[in-house]
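Peer 1: This structure is in structure tokens; I'll ask about it shortly.
Laboratory data are not the source of any read-out in this text; all were calculated from the coordinates shown. Note that the structure is a prediction, hence the values are computed from the model and not measured. Positions of Cβ are generated from backbone atoms using ideal geometry, with glycine treated the same way; all protein chains shown enter the neighbour counts.
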Amino acid sequence: MIGETGWIPLLGVLAAYLLGAVPFGLLVARLMGGGDIRQQGSGNIGATNVLRTTGRLAGAIALLLDMLKGFVPILLARLWLGTEHPLTGGLALALFFGHLYPVYLAFKGGKGVATALGIYLAWTPVAGLCALLTWVVAALLWRISSLAALLAFALLPGFLFFQESRMAMATALFLIPWIFWRHRANIQRLILGTEPRIGRPPLRHGDAPSPSSPSSGES
């Protein structure tokens, strides 16, 4: 078993960051004919912008891949190291911040929702599933991706409370403010009532919205 000190855990964290930094949304959109989504819609590399600019299949694939890059490493870490091991938390943080600040894209990444959901589905499955269901139900009810994501992560600490994992809880309390910060523009639009709904036709990045077609949000 790997020792708890030394360079191997650091290499693991670095590998997790590099995996988290893989911009699957951008890659999927390009492979499926959507071009550079950084120049379209909201300009974000997340699955919501892939959905709006490239279509439902591309959006679903991007969402799945972004979740899997959080899910698979943390599942392996939980099985190998345990739920409460500090390295499990370190790997989760590296995956999350890799997605937010990818070295491959000059540190301009997504908002971390799908990757964080994948992390918690693997780390604390019951709490992760509750967050995922909250996200899905809220998205179906209100058709606003950012609102669904914010609600899911606002409730995540409550779901984690019943799982009795201090490391998972501490990591969530660190990640959640970053998710809200990355959604600050969406929150402003939610307050103003101008946040777009899922399925609204996409705008090209930089286009001025009409009153009936506000600029795209992203989660």
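Peer 1: Using the per-residue mean of other Cβ atoms lying within 10 Å as a proxy for protection, in what order, highest first, do the peptides 64-70, 139-145 fall?
Peer 2: Answer by packing, highest mean first, reads 64-70, 139-145.
Peer 1: From the convex hull of the Cα coordinates of the chain, what is the mean projected area in square nanometres?
Peer 2: 11.7
Peer 1: How high is the relative contact order of the range 7-192, in percent, counting Cα pairs under 8 Å that sit 6 or more residues apart?
Peer 2: Across the range 7-192, relative contact order equals 21 percent.
Peer 1: Here is a follow-up. Please order Thr83, Thr115, Thr194, Thr124 by the number of other Cβ within 10 Å, starting at the fewest.
Peer 2: Result, fewest neighbours first: Thr194, Thr83, Thr124, Thr115.
Peer 1: Here's something else I'd like to know. Could you run the Karplus curve 6.51 cos²θ - 1.76 cosθ + 1.60 with θ = phi - 60° over the range 180-192 and give me ³J(HN,Hα) per residue in whole Hz, x for Gly and Pro?
Peer 2: Calculated HN-Hα couplings, in order: 5, 5, 5, 9, 4, 5, 5, 4, 4, 5, 4, 5, 7 Hz.
Peer 1: Evaluate E = 1/(1 + (r/R0)^6) for Leu129 and Val103, where r is the Cβ-Cβ distance and R0 equals 25 Å; express this FRET efficiency to the nearest 0.05.
Peer 2: It comes to 0.20.
Peer 1: For Asp36 and Ala154, compute 0.36 nm times the residue count separating them, minus their Cα-Cα distance, and round to one decimal in nm.
Peer 2: 39.3 nm
Peer 1: For the pair Leu79/Val137, report the inter-label distance in nm, with labels modelled 7 Å from Cα in the Cβ direction.
Peer 2: So the two model labels end up 3.0 nm from each other.
Peer 1: Next question, about the same structure. Quick query: amide H of Gln40 versus all other amide H atoms, modeled in the peptide plane; which residues come in under 5 Å with a sequence gap of 5 or more or a different chain?
Peer 2: When sequence neighbours closer than 5 places are left aside, the close amide H contacts are His205.
Peer 1: Want the number for Leu27 to Phe162: 0.36 nm per residue separation, take away the alpha-carbon distance, what's left?
Peer 2: So the chain would gain 44.8 nm between Leu27 and Phe162.
Peer 1: Would you mind working out the magnitude of the charge dipole of the chain relative to its Cα centre, with +1 at each Lys and Arg C-beta and -1 at each Asp and Glu C-beta, to the nearest 20 Debye?
Peer 2: Result for the chain is approximately 600 debye, rounded to the nearest 20.
Peer 1: A follow-up question, please. Would you mind calculating the relative contact order of the range 12-103 from Cα pairs under 8 angstrom and at least 6 residues apart, reporting the percent as a whole number?
Peer 2: 43
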